[in-house]
1. Can you name every residue in region 537-585 that is among the hydroxyl-bearing types (Ser, Thr, Tyr), in contact with a Leu (Cβ under 8 Å, 6 or more places away or on another chain) and either in contact (Cβ under 8 Å) with a residue 40 or more places away in the chain or under 17 Å from residue 81 (Cα atoms) (or both)?
2. In region 491-505, what residues are open to solvent by 60 Å² or more (accessible area, probe 1.4 Å) and either modelled with pLDDT under 70 or touching a helix residue (DSSP H, G or I) at 6+ places or on another chain (Cβ under 7 Å) (or both)?
3. Would you tally the residues in region 276-313 being of a type in the set (Ser, Thr, Tyr) and either part of a strand (DSSP E or B) or open to solvent by less than 10 Å² (accessible area, probe 1.4 Å) (or both)?
4. Would you check if residue 524 is farther than 22 Å from residue 18 by Cα, over 31 Å from the mean Cα position of the chain (by Cα) and at pLDDT 90 or above?
5. Mind checking which residues of region 684-728 are at pLDDT below 75 and assigned to a loop (DSSP other than H, G, I, E, B)?
6. Among the listed residues 162, 152, 156, 180, which satisfies the condition of being surrounded by fewer than 15 Cβ atoms within 10 Å (Cβ to Cβ) and either more than 28 Å from residue 373 (Cα to Cα) or without any contact (Cβ under 8 Å) to a residue 60 or more places away in the chain (or both)?
7. Where residues in region 419-428 are under 35 Å from the mean Cα position of the chain (by Cα) and either open to solvent by less than 10 Å² (accessible area, probe 1.4 Å) or aliphatic (A, V, I, L, M) (or both), which of them is modelled with the highest pLDDT?
Amino acid sequence: MVSNTPQAFLKSTFGYSDFRPLQKEVIENVLARHDTLVIMPTGGGKSICYQIPALIFSGLTIVVSPLISLMKDQVEQLQDVGVSAEFLNSSLTLAEYNRIADQVRAGSIKLLYVAPEGLLTPRMFDLLKTQQIDCLTIDEAHCISEWGHDFRPEYRQLAAVRGKFPDAVCIALTATATPRVRQDIMQSLNFDKSNEFIASFNRENLYLEVVQKSDPARQTIQFLEQHRDQSGIIYCFSRRQVDELAAYLAAHNYSVLPYHAGLSDEERKKNQELFIRDDVQIIVATIAFGMGINKPNVRFVIHFDLPKNIESYYQEIGRAGRDGLPADCLLLFSYGDLQKIRYFIDQKEDEQERRNARHHLDALVRYAESDACRRAPLLTYFGEHYTQSSCDMCDNCLQEQAQTVDITIAAQKFLSCVKRTREIFGANHIIDVLRGSENKKVLDFGHHHLSTYAIGREYSKEEWLFLARQFISQDLLVRDVDHGSLKITEKGTAVLFDNAKVYGRLETVQTASHVTTNLRHDPRLFEILRAKRKEIADRQNVPPYVIFSDRSLVEMATFFPQSRERFLAISGVGLSKLNRYGSIFLRLIQGYCEENQIEEKRKSMQLSMAQIKPLHKRRFQEVGEAFCAGKSVGEIAGELNIKKTTVIRHLFDYVKNGNSLPADQLLVDIESAPEQHKEVFEVFHRLGTEFLSPVHDALNGRVTYDDLHLLRIYLLCQKAQKSKSHDA
């Protein structure tokens, strides 16, 4: 007999050996009948937090969910693992509604999914008052808050509904909530502050990249070439853009369909279903798409246009990589898109709404313009303190850094043009003037007569935009939140009139796809298992991931289980799936292994994120060991086909991870004179070694960043050596 504990249900029903962070604590809190607020990122396992208590409670659990497709998806997955779950909503016929209502009255349903407006009806109250309601679950709880990005008035009324079920514990869950929204949810539902559980917003498996939008159709094709035969979503701002891009990609032989509110209900439903069932690989959509799906094998999300706010962006990229495997997220950023969104914000009648929308948009722009780790501004927005110097999963942390050079003259040209156009225009107009454009706006304002007209033709528009982002991130300019115009700061004034130096990069290097399972699985066996999964799913009329996730198939093709016991150890395989599908998949695996003389590999526990990452040595270890073996920075750069700057960064990571380097050997690669080293060390002692920019500024740019980085590593090695000697 299966134990009636959360841990037992986790494996026997859902097929997982270990809880994800906070799941166990949340479940125990709910079982103790404490009202609970759960903030957990998309893909973090929110559903388990109320589904396991629902199986343990003797009565009924009501789940309030905003979308019909989301209910359908959850119910299909629960039914496939043997859980009695149903939904009641407007998509059902009267006969279907009555059949499920009879099951509720008979007490044979454990989880009942309903829409918020459906729960508020007298008919629903009459049905539910006949039952013992043990738990009221409010999914997408951010919809309660007027400060959230997706406020829904009917959600606000759920606070009053709680009084109808006084004995039911309440659990509210969401993936996107700022501290202010969390506070609003707690107050609305009258929750105790001590029963708030906030998981990290950091989705470690998502690779984050922002690229300046120049030729978006071409950039999209280049990206998709790296993701052949993979599932992905492309978000566009308008219905027209969706239709045009979908047609363009279809003409280039991609498996793609559109999705937006202008299509009929039937066509939208059909297109979404084809995508969910892996019959179509790519959906091009407006923001209307995605909230109602839980497709775990989405390997990429492209924002073809700028999202309206950072919550929407976070929620939309959260639809990628829900199976825990790596996924790529690309944002094409342009100031033209920014102006479009600002125009629509200005159409709002309520001043408070306009102010909130501008605040949210500005946070997104700061994220896009940042040259620091992408996760720092993203997580800070949601109230989480991010302390890592590098995430190794974003463009700013991983891109092969272009050489830092003196860009003072470019900065002075740009700032001078901002000044001469009276600080009332955005970056695009400034660049048009600098490049000598004859467009109507430039001519109408008479800006072709300015002394700065056509003085910046040495850079392309894309290069100027890249430079402009650096000027803003270095606080030489600030953008007006309401109008998008650029204004010169005190620091910018020093550059313009006092010849203060500016250092930055002249080019951005686009990085390659980071989507890979990073497990050494057998790709041929994976495809065989995937084909069988699709065949079974089509026969049962459910999405393939309801049968098994990609992660489960990857593990099968990695460990080659040969027995029911070993098959049960695979992530996502519980007793129900073992009994329903075990023999089918085991036969395929056994036959493949016999044909190819492959032996079973033992897997005794759930894979952790550390195991999902590359099994080979991490690059900083490889670089550090090569340096210790006597190779110079230049030699390592040549052998690995990377830049010297990147080699130096890897050496820094090697030391920060507790390893030692031959300190004197570092001095060989330094170009600055030995007499400057003492001055550099004095500045490091005064300002610390955490950041290089303040040290570089204090030395007035007389020592290159590469030399500063090497001298910092040298200093850290010397300190570590002294510490070891002292301990000894």
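The values are calculated or read from the model by the stated rules, or taken from the named source; none is laboratory data. As the structure is a prediction and not an experimental result, all values here were calculated from the model. Virtual Cβ from ideal backbone geometry, glycine too; neighbours counted across all protein chains shown. Calculation scope for accessible area: heavy atoms of the full protein, side chains included, ligands and nucleic acids excluded. Shrake-Rupley method; radii C 1.70, N 1.55, O 1.52, S 1.80 Å.
1. Applying the first criterion (among the hydroxyl-bearing types (Ser, Thr, Tyr)) to region 537-585 yields 545, 549, 552, 558, 563, 571, 576, 581, 583.
Okay, now just the ones that are also in contact with a Leu (Cβ under 8 Å, 6 or more places away or on another chain), so 558, 563, 571.
Once the filter is applied, which keeps residues that are among the hydroxyl-bearing types (Ser, Thr, Tyr), in contact with a Leu (Cβ under 8 Å, 6 or more places away or on another chain) and either in contact (Cβ under 8 Å) with a residue 40 or more places away in the chain or under 17 Å from residue 81 (Cα atoms) (or both), region 537-585 yields 558, 571.
2. 501
3. Narrowing region 276-313 to residues of a type in the set (Ser, Thr, Tyr): 286, 312-313.
Still in the list and also either part of a strand (DSSP E or B) or open to solvent by less than 10 Å² (accessible area, probe 1.4 Å) (or both): 313.
Residues in region 276-313 being of a type in the set (Ser, Thr, Tyr) and either part of a strand (DSSP E or B) or open to solvent by less than 10 Å² (accessible area, probe 1.4 Å) (or both): 1 in total.
4. Details: farther than 22 Å from residue 18 by Cα: yes; over 31 Å from the mean Cα position of the chain (by Cα): no; at pLDDT 90 or above: yes.
For residue 524, the condition - farther than 22 Å from residue 18 by Cα, over 31 Å from the mean Cα position of the chain (by Cα) and at pLDDT 90 or above - is not met.
5. 690, 691, 728, listed by residue number.
6. 180
7. Top of the filtered list is 424.
Residues are listed down the side, and each one gets a yes or a no for (1) modelled with pLDDT under 90; (2) assigned to a helix (DSSP H, G or I):
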| position | (1), (2) |
| --- | --- |
| 581 | no, yes |
| 584 | no, yes |
| 592 | no, yes |
| 598 | no, no |
| 602 | yes, no |
| 616 | yes, no |
| 620 | yes, yes |
